[in-house]
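A short write-up of the structure that comes next.
The values are calculated or read from the model by the stated rules, or taken from the named source; none is laboratory data. The structure presented is a predicted model; accordingly, all values stated were derived computationally and were not measured. Virtual Cβ from ideal backbone geometry, glycine too; neighbours counted across all protein chains shown. With ligands, DNA and RNA removed, areas are computed over all heavy atoms of the protein, side chains included. Shrake-Rupley method; radii C 1.70, N 1.55, O 1.52, S 1.80 Å.
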Amino acid sequence: MNLSSKIEGQLPAELVKFMRVAGEVAHSQGESLYLVGGVVRDLLLGQTNLDLDLVVEGNAINLAQQLIPVTQGKITTHPRFNTAKLQWNKWSVDLATARSETYVKPGALPSVKPSSIDSDLFRRDFTINAMAIHLNPSRYGELIDRYGGKDDLEHKLIRVLHEKSFTDDATRILRGLRYEQRLDFQLEPATLQLLKRDIPMLDTISGDRIRHELELILREKYPEKVLRRGEELNVLQRLHPGLKGNRWLAEKFEQARQLYSPTLPPLGLYLTLLAYPLTNEENELLISRLRLPKTLAQTLRDAISIKAKLQPLANPELNPSNIYHLLHGYSSLAITTNSLAGDSPVARQRLQLFVDKLRYIKPALTGDDLKRMGIPPGPRIKEILHLLHEAKLDGKVASKQNEEDLVRGWLADNMTT
Ligand code: CTP
């Protein structure tokens, strides 16, 4: 099968031209160059994917260096893996040397050695991701499909290439669910059995790698679908026993999208909503399992601490300055999480008021202004600024002039007492 017309039809002309030239350069030095992985899958599906992954039976870094004059862009190389990245204009292309992999220990990164394209494709996660397209001029556009990827695409199946795939790399369990739900495919029955068998192998994967896979899930259009399937298959529970991919979460994710539309909600918001039902202790376990970076960990902690403030926040007597004092200091993402996830509508409205408005309110007068008005430097300045802040939050002053009048009033009162 030849896919050159699909390539021309679906990829931008600049990338097509680049691939043609790259194929010619590879050919001129007796090497073979291929387009591989997700982009081949998506070309066959008619879906946009501009992440080009190229594999050369030869030397990727050498080839990338020869292509610099073509792109006139930037090159980044990783000699240890013999890979390179070319970046120019808005494009980015990864180039790797065809390699085979041996997994010495489950979950650990594999040891690799240069190989043919067939072995390079065989080391991959699923048949639909294990196809290539020849880019050398004489065979340009030819589909290389040794493992039945096209057939599986047509039958909407996610299938591993061999029985040890999930044992070698249990992140593929999460990847499998992601592709299944994204493409609306099914895990092929034997693959599903292997996946279930190998769920305990998730314990062999480092926090960083699990976090990375979770981020990829949260970048999907509907992450809740993947999480629901993860719960159904007991995958989510293996990452952390308290995680749920239920209807509540789906509703909250949908509300988060509406809140941020037309852009996408930050990943941190999705993650915080996922962690929201956890207790403090369970949350700490999640933070360490995922090795969350400090700021994100604090956002999760804040979101859970704010839960305890929802009841006081629902008190009808509160004025804006009280709301401000209950919430200031917390991460705004954690507050937004509670405004989406909290039970009380009044509390939720007040959280939103804080995020949209109260947190930005500051008095117009500064410490210097107060000094100019004759207040000596010292703790009094701080105290007056605090009172001014509260007055402004509660709508008692609307202009700088109002603030000055108020301060003068206080000073006069003080002088008389
Ligand atoms: N791959 C793999 N096993 C992994 C990760 C990646 O076999 N654990 C292979 C697959 O062939 C995949 C390719 O490396 O297609 C590129 O990986 P990645 O960029 O993560 O996947 P894509 O399919 O390109 O992108 P996406 O998942 O977003 O569709």
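Points worth noting:
- Test: residue in the range 29-38 that is within 12 Å of the ligand (Cβ to nearest atom), surrounded by fewer than 20 Cβ atoms within 10 Å (Cβ to Cβ) and small (G, A, S): yes
- Selection count where residues are at pLDDT below 95, within 16 Å of the ligand (Cβ to nearest atom) and open to solvent by 40 Å² or more (accessible area, probe 1.4 Å), scope the range 47-81: 6
- Within the range 178-204, being β-branched (V, I, T) and surrounded by fewer than 21 Cβ atoms within 10 Å (Cβ to Cβ) holds for I199, T204.
- Note on the range 26-126: enclosed strands (runs of 3 or more DSSP E) holding 1 or more residues that are closer than 21 Å to V16 by Cα and not acidic (D, E) are 32-36, 52-57, 74-78, 83-88, 91-97.
- Looking at L95, L44, just one residue is in contact with a helix residue (DSSP H, G or I) (Cβ under 6 Å, 6 or more places away or on another chain), open to solvent by less than 10 Å² (accessible area, probe 1.4 Å) and within 16 Å of the ligand (Cβ to nearest atom), and that residue is L95.
- Condition broken by R291, with the remaining ones in (1) free of Cβ contacts under 8 Å to residues at least 40 places away in the same chain; (2) on the phi > 0 side of the Ramachandran plot satisfied: (1)
- Selection of the range 118-130 for residues being of a type in the set (D, E, K, R), more than 8 Å from the ligand (Cβ to nearest atom) and surrounded by 21 or more Cβ atoms within 10 Å (Cβ to Cβ) yields only D120.
- Any hit, the range 131-140, residues being within 27 Å of E24 (Cα to Cα), within 15 Å of the ligand (Cβ to nearest atom) and open to solvent by 10 Å² or more (accessible area, probe 1.4 Å): no
- The lone exception for L11 - which of (1) open to solvent by less than 30 Å² (accessible area, probe 1.4 Å); (2) within 23 Å of S119 (Cβ to Cβ) it fails: (2)
- Test set (1) buried (at least 18 other Cβ atoms within 10 Å of the Cβ); (2) in a helix (DSSP H, G or I); (3) of a type outside the set (D, E) - I381 fails condition number: (1)
- Helices (runs of 4 or more DSSP H) lying entirely in the range 167-268 (those with 1 or more residues that are hydroxyl-bearing (S, T, Y), within 13 Å of the ligand (Cβ to nearest atom) and touching a residue at least 40 places away in the same chain (Cβ under 8 Å)): 171-183
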